[in-house]
Amino acid sequence: MDPKNPITVTSPLLPPLEEFVPYLEQIWQSKWITNNGHFHQELEKALCEYLGVEYISLFTNGTLPLITALQALRIQGEVITTPYSFVATTHSIWWNGIRPVFVDVDPNTGNIDPDRIEAAITPRTTAIMPVHVYGTPCEVDRIEAIARKYGLKVIYDAAHAFGVKQNGRSILNAGDISTLSFHATKTYNTVEGGALICHSKEMKQRIDYLKNFGFAGETEVIAPGINSKMDEIRAAYGLLGLKHVDAAIAARKQVAERYREALREVKGLRLFEDVEGVTHNYSYFPIFIQADEFGETRDELYFRLKEHGILGRRYFYPLISTFSTYRSLPSASADNLPVATRLANEVICLPMHHELTPEEVEHIIHVIKNR
Ligand SMILES: *Cc1c(COP(=O)(O)O)cnc(C)c1O
């Protein structure tokens with residue numbers, strides 16, 4: 001492999017340029033470049049249909065819908081969440097002046113462990129914010145039962161779960177609100193972008209006010225909203241991208257199947273299994289290195305891959321709970337989070353995207369196996 005041309009962990013799904021030009025011409029002709037224009041409305045409709053959800057609001061990234069969800073549901077006090085995620089999950093809680101409470105994760109999925117949620121509930125708890133890590137669905141029924149029992153709201157950070165279905169139904173229908181990220185690194189992107197899925201017309205209306213400064217008309221502001229409106233150029237790019245995303249997911253699936261077949265029996269290397277009844281999106285391919293059996297530590301393998309031009313990523317290391325902002329929280333101690341701590345120390349996400357060639361995949365497998 002050419003070291004000047006490393007194999008990256010991800011590659012953006014870029015629609016063919018020539019197909020994008022007519023969209024741009026239409027925007028230029030209309031002179032309507034942002035604020036709920038034609039393509040914005042079209043993309044919301046198309047995503048509802050593609051994903052199998054009823055109400056969706058587009059955002060400029062995947063972090064602001066998390067922040068806005070907490071605002072829209074008037075969440076305060078404490079929110080139970082997972083440390084095994086991208087920092088934006090916990091940041092969204094912090095930005096609302098809410099205290100995050102970390103709960104450990106399931107060793108077989110990396111998702112929040114429902115068995116540990118109840119012990120973390122206090123009189124100040126108002127919501128749970130789980131993450132469908134790597135696109136694997138959380139145990140949504142059990143989380144819902146706990147939320148009902150204690151009168152809590154549930155906001156899913158579904159940034160990894162674009163298109164994921166469980167028993168034929170979109171996982172985005174779980175909870176009070178789910179959010180998506182359409183960042184360039186994700187399975188489906190609008191360069192930067194995101195979305196919020198809710199389950200009533202009234203809630204969507206409130207969300208749409210909140211993402212436009214709280215404006216509910218020319219002269220009326222109903223809440224201290226933010227500006228997170230997706231513009232027409234990115235909405236058009238997203239509409240075009242939807243035409244190509246199925247092929248991209250199919251290509252990812254082939255890579256995942258080959259990795260799985262080749263790496264399943266490697267000693268000291270653990271994989272997460274696909275979950276029965278789930279339509280996966282193959283957004284990530286994590287492997288977990290048990291150093292004593294594998295004969296190399298996670299970091300040794302990580303850097304050796306790098307020497308061979310293979311850029312994995314240690315998602316999610318370090319844990320969010322170890323960052324300076326959060327590590328003084330009582331729930332942030334490693335004693336409280338033994339499973340998440342172990343996963344964070346063992347994980348490498350292998351290159352996973354639609355443009356990986358069979359030769360590249362074989363090279364990656366060869367380097368891992370020949371330690
Ligand atoms: C990518 C990501 C986000 C943030 O999305 P942005 O679009 O980058 O703001 C939030 N949560 C998780 C789990 C993510 O992976």
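The values are calculated or read from the model by the stated rules, or taken from the named source; none is laboratory data. The model shown is predicted, which means the values in this text are computed figures rather than measured ones. Here Cβ is always computed from backbone atoms with ideal geometry, including for glycine, and neighbour counts include all displayed protein chains. Remember, those area values only see protein heavy atoms, side chains included, never the ligands or the DNA or RNA. Shrake-Rupley method; radii C 1.70, N 1.55, O 1.52, S 1.80 Å.
In the elastic network of the chain, a GNM with C-alpha springs shorter than 10 Å, the most mobile of E18, E42, E218 is E218.
Within region 121-172, the ratio Rg/Rh, alpha carbon atoms throughout and Rh by Kirkwood, equals 1.01. Across region 321-371 the C-alpha pair distances fall into 5 Å bins from zero in the proportions 4, 16, 16, 14, 10, 9, 11, 12, 6, 1 percent.
For region 30-82, applying the loop criterion from DSSP together with a ceiling of 13 other beta carbons within 10 Å to the trypsin sites (Lys or Arg not before Pro) yields K31, R74. Across the cross-link table entries K31/K204; K153/K211; K201/K253, which are compared at the Cα atoms, the separations over 24 Å belong to K31/K204; K201/K253. Kirkwood analysis of the Cα pair distances in the chain returns a hydrodynamic radius of 21.4 Å.
Overall, the accessible surface of the chain at a probe of 1.4 angstrom is composed of carbon and sulfur to the extent of 51 percent. In region 20-151, the alpha-carbon atoms span a convex hull of 139 Å³ per residue. Taken over the C-alpha atoms, region 238-282 has Rg and Dmax values of 13.6, 44 angstrom. Average accessible surface for the chain: 45 Å² per residue, computed with a 1.4 Å probe over protein heavy atoms with every protein chain in place.
Spatial offset of region 315-371 relative to region 236-299 amounts to 13 Å, using the alpha carbon center of each.
Hey, what's the per residue convex hull volume over the C-alpha atoms of region 83-191, in cubic angstrom? List each step's numbers first, then the result.
Numbers: hull volume 11.6 nm³, N = 109.
Once divided by residue count, the hull of region 83-191 is 106 Å³.
I'm checking a number: the convex hull volume of the Cα atoms of region 243-361, normalised per residue, in Å³. What is it? Please report the intermediate quantities before stating the final value.
Working: hull volume 18.3 nm³, N = 119.
Hull volume normalised by residue count: 154 Å³.
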